[in-house]
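Here is the structure we will look at, set down as structure tokens.
The values are calculated or read from the model by the stated rules, or taken from the named source; none is laboratory data. Since the model is a prediction, treat every value here as computed from it, not as a measurement. Methodologically, a virtual Cβ is constructed for each residue, glycine included, from the backbone with ideal geometry; neighbour enumeration extends over all protein chains shown. Side chains included, ligands, DNA and RNA excluded: accessible areas come from the protein's heavy atoms. Shrake-Rupley method; radii C 1.70, N 1.55, O 1.52, S 1.80 Å.
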Amino acid sequence: MPASMLKVENLSAGYGPTRILESISFSVGAGRRLAVLGRNGMGKTTLFATLAGQTRRYDGRISIGDIDLSSTSSAARAHAGLGYVPQTRDIFPSLSVEENLTVGLKKRKKDAIEEAYALFPRLKERRRNLGSQLSGGEQQMLTTARTILGRPTVLLLDEPLEGLAPVICEELMVVFSELAASGDMTILLVEQRIQSALDFADEVIVLERGRIAWNGTPSALSQDHKVVERLLGVGGLH
Ligand SMILES: Nc1ncnc2c1ncn2[C@@H]1O[C@H](COP(=O)(O)OP(=O)(O)OP(=O)(O)O)[C@@H](O)[C@H]1O
Ligand SMILES: [Mg+2]
């Protein structure tokens with residue numbers, strides 16, 4: 001399936017009575033890559049969870065292409081092409097890598113699994129290992145591969161590099177770039193490794209206390225040291 005445009009209009013959301021996101025509006029063109037940055041606790045995960053239908057939405061609209069997803073279930077959003085790779089790397093520790101990939105699939109979609117293995121050859125090598133035996137990087141590959149099996153047209157990646165060794169980070173970023181370059185996916189990336197996110201993205205939004213405090217291109221952000229320091233809390237990019 002070709003990539004789709006994601007549009008978010010005036011979105012406010014939170015948990016029960018606790019409002020976290022306020023009046024968020026942005027769009028990501030089909031096949032484009034958006035980095036979502038911000039310090040800890042600013043609402044990045046809440047934004048992705050809201051797009052995936054896992055929080056309470058108070059106001060606003062979310063659409064993929066022509067499809068309005070605002071009031072639909074998480075399952076309906078996945079069906080409409082939204083793939084969510086959460087920060088928590090949800091895998092089944094007591095199942096093998098291959099079982100993790102096949103569980104929930106209506107029938108064994110062998111081709112799709114081979115495609116996932118082609119993206120992440122390391123998973124093929126470890127296909128009989130249990131989820132609990134995987135390194136952090138391999139767990140991230142597995143949770144990403146599981147989401148990709150659903151053939152999303154819009155992919156949300158929440159801090160995929162968190163806690164991983166630099167060499168694994170590079171390996172993952174190469175795969176994400178390949179997915180984006182294939183023209184099949186619109187990708188939103190939350191990352192604390194700001195330089196990796198800026199190298200990857202076409203556009204950037206920065207969240208501050210649940211609102212968009214800055215938006216623009218990666219090069220504009222890299223040159224704006226004041227914004228980087230104020231909104232990202234770092235003296236320089238790393
Ligand atoms: N389930 C929840 N119920 C109530 N409040 C929550 C819940 N999850 C997160 N929050 C609050 O929402 C705010 C935004 O949290 P969120 O996890 O979206 O931030 P984040 O930008 O992803 O942070 P991090 O960089 O640490 O992952 C925080 O104040 C957090 O305490
Ligand atoms: Mg988060």
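Under a 1.4 Å probe, what is the accessible area of the range 1-128 per residue, stated in Å²?
Details: 6540 Å² over 128 residues.
Computed with neighbouring chains in place, this is 51 Å² per residue.
With the other protein chains left in place, how much accessible area per residue, in square angstrom, belongs to the range 189-238 at a 1.4 angstrom probe? Show your work: numbers first, answer last.
Values: 2480 Å² over 50 residues.
Value for the range 189-238: 50 Å² per residue.
State the answer as a single residue: which of ILE20, LEU198, GLY216 lies farthest towards the positive end of the charge dipole of the chain, with beta carbon charges of +1 for Lys and Arg and -1 for Asp and Glu, about the Cα centre.
ILE20
Ignoring ligands, DNA and RNA, what percent of the 1.4 Å accessible area of the chain is carbon and sulfur? Before the final figure, lay out each step's value.
Numbers: 5410 of 11010 Å².
Carbon and sulfur: 49 percent of the exposed surface of the chain.
Taking the Cα centre of the chain as the origin, how large is its charge dipole in debye, to the nearest 20, when only Lys and Arg (+1) and Asp and Glu (-1) carry charge on their Cβ atoms? Don't skip to the end; give the middle numbers.
Numbers: 28 positive and 27 negative charges, 134 e Å.
My answer is approximately 640 debye.
Please enumerate, by chain and number, the lysines with C-alpha under 17 Å from the C-alpha of LYS110, excluding those fewer than 8 residues away in the same chain.
LYS124
Distance between the C-alpha centers of the range 175-202 and the range 42-100? Whole Å please.
18
Between the helical axis of 166-181 and the dominant principal axis of the chain, each derived from Cα atoms, what acute angle in degrees is found, rounded to the nearest 10?
With rounding to tens, the tilt is 80 degrees.
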